[in-house]
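Student: Quick one: the structure is below, and I'll ask about it shortly.
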Amino acid sequence: RLFVTADRSWPTTWVHVRFLLRHFIVSGLLTRPGHHCIHAVVALGPTSAGPRQGLLVAGPSGSGKTRLVNRLVEQGVVSGVVEDDCAVIDSDWGLISLMPTEHELRRPQRLEVGAVVLLDADASAPEALSPRAAADFAARCPTPWPARWLPGATPRRARMSDPPPALRALRVPARSDTDDAVLEAVAQLTASTVGM
């Protein structure tokens with residue numbers, strides 16, 4: 001049992017509760033065979049493409065994941081955010097989403113990841129990557145969950161299992177949300193894979 005001291009501000013208290021819920025949700029999912037967590041933002045494909053395929057944007061803290069996805073939402077490339085911090089995926093790169101919100105604990109949802117964008121400070125232009133190279137990059141990015149200093153933390157696996165061969169991956173420069181060439185490359189990747 002854990003106890004959270006209420007703050008004078010309910011939103012602050014909810015942040016603390018959500019932090020603990022996220023820690024235990026991710027720790028529990030990582031005990032399942034073939035499950036791995038990735039520091040990523042995951043978005044749904046365009047509404048017309050169907051709701052079960054997604055785009056995963058991975059990278060280290062400060063690389064611009066949220067900013068890039070926000071631009072893609074503005075442009076209609078993707079329709080909304082499913083995961084905003086730590087994606088837990090299974091060996092088939094299916095996302096298991098259980099994001100606690102202020103008013104509910106959502107039921108688990110499974111979303112197939114159709115495409116991956118990796119934000120890399122060493123990249124100078126968009127470049128296609130193999131699924132294995134994408135998995136290795138994603139596994140190296142530190143993730144805030146589970147919090148190692150809290151009880152029940154499950155360690156991350158050092159290497160992910162082989163991703164599906166059909167997974168499409170693109171490596172782009174970090175903080176490239178204002179680069180038209182990057183936005184166009186991600187839009188093309190999403191159109192060719194998400195919602196198929």
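Student: Using alpha carbons only, how many degrees (0 to 90, rounded to 10) separate the axis of helix 180-193 from the longest principal axis of the chain?
Tutor: 80
Student: Could you work out the pair-distance distribution P(r) of segment 136-196 from its alpha-carbon pairs, with 10 angstrom bin width and percents rounded to whole numbers?
Tutor: Over segment 136-196, the share of Cα pairs per 10 Å bin runs 16, 32, 33, 17, 2 percent.
Student: On a 0 to 90 degree scale, rounded to 10, what angle separates helix 10-30 from the longest Cα axis of the chain?
Tutor: That helix lies at roughly 70 degrees to the long axis.
Student: Probe of 1.4 angstrom, ligands and nucleic acids ignored: what's the accessible area per residue over segment 110-186, in square angstrom?
Tutor: About 51 Å² of surface per residue is accessible.
Student: Of ALA115, THR5, THR178, which is farthest on the positive side of the dipole of the chain, counting Cα position, with +1 on Lys and Arg Cβ, -1 on Asp and Glu Cβ, and the Cα centre as origin?
Tutor: So the residue furthest toward the plus end is THR5.
Student: A further question on this structure: Which angle between 0 and 90 degrees, to the nearest 10, do you get for helix 131-140 versus the longest principal axis of the chain when only C-alpha atoms count?
Tutor: 40
Student: Which length gain, in nm to one decimal place, applies between SER130 and SER192 when the Cα-Cα distance is subtracted from 0.36 nm times their residue separation?
Tutor: Length difference between fully extended and current span is 20.7 nm.
Student: Here is a follow-up. With r as the distance between the Cβ atoms of VAL73 and SER161 and R0 = 35 Å, compute the FRET efficiency 1/(1 + (r/R0)^6) and round to 0.05.
Tutor: 0.70
Student: Just tell me the longest site-free run in the chain, where the sites are chymotrypsin sites (Phe, Trp or Tyr not before Pro) in a DSSP loop having at most 15 other beta-carbon atoms within 10 Å.
Tutor: By the stated rule (loop sites, at most 15 other Cβ atoms within 10 Å), 4-148.
Student: Here's another thing I want to ask about it. Can you show me the helix-derived [θ] at 222 nm for the chain, built from DSSP H runs with n ≥ 4 at -39,500 (n - 2.57) apiece and divided by the number of residues, rounded to the nearest 500.
Tutor: Here the helix-only value at 222 nm equals -9000 deg cm²/dmol.
Student: From the C-alpha gyration tensor of the chain, pull out the three semi-axes of the equivalent ellipsoid (sqrt of 5λ each), sorted largest to smallest, in whole Å.
Tutor: So the three semi-axes of the chain are 28, 19, 16 Å.
Student: Further, regarding this structure: For the residue pair SER91 and ALA181, what label-to-label distance in nm results when each label sits 7 Å from Cα along the Cα-to-beta-carbon direction?
Tutor: Computed distance between label sites SER91 and ALA181 equals 4.0 nm.
Student: Restricting to DSSP loop positions (anything but H, G, I, E, B) with no more than 14 other Cβ atoms inside 10 Å of their own Cβ, which trypsin sites (Lys or Arg not before Pro) remain in segment 1-42?
Tutor: ARG1, ARG8
Student: Given a 1.4 Å probe and every protein chain left where it sits, what share in percent of the accessible area of the chain is carbon and sulfur?
Tutor: 55
Student: Quickly work out the VAL15-to-ASP122 label distance, labels modelled 7 Å from Cα along the C-beta direction, and quote it in nm with one decimal.
Tutor: 3.5
The values are calculated or read from the model by the stated rules, or taken from the named source; none is laboratory data. Every value quoted in this text rests on a predicted model; they were computed, and no experiment measured them. No Cβ is skipped: glycine too gets one built from the backbone with ideal geometry, and neighbour counts run over all protein chains shown. Ligands, DNA and RNA are excluded from the accessible area calculation, which covers all protein heavy atoms including side chains. Shrake-Rupley method; radii C 1.70, N 1.55, O 1.52, S 1.80 Å.
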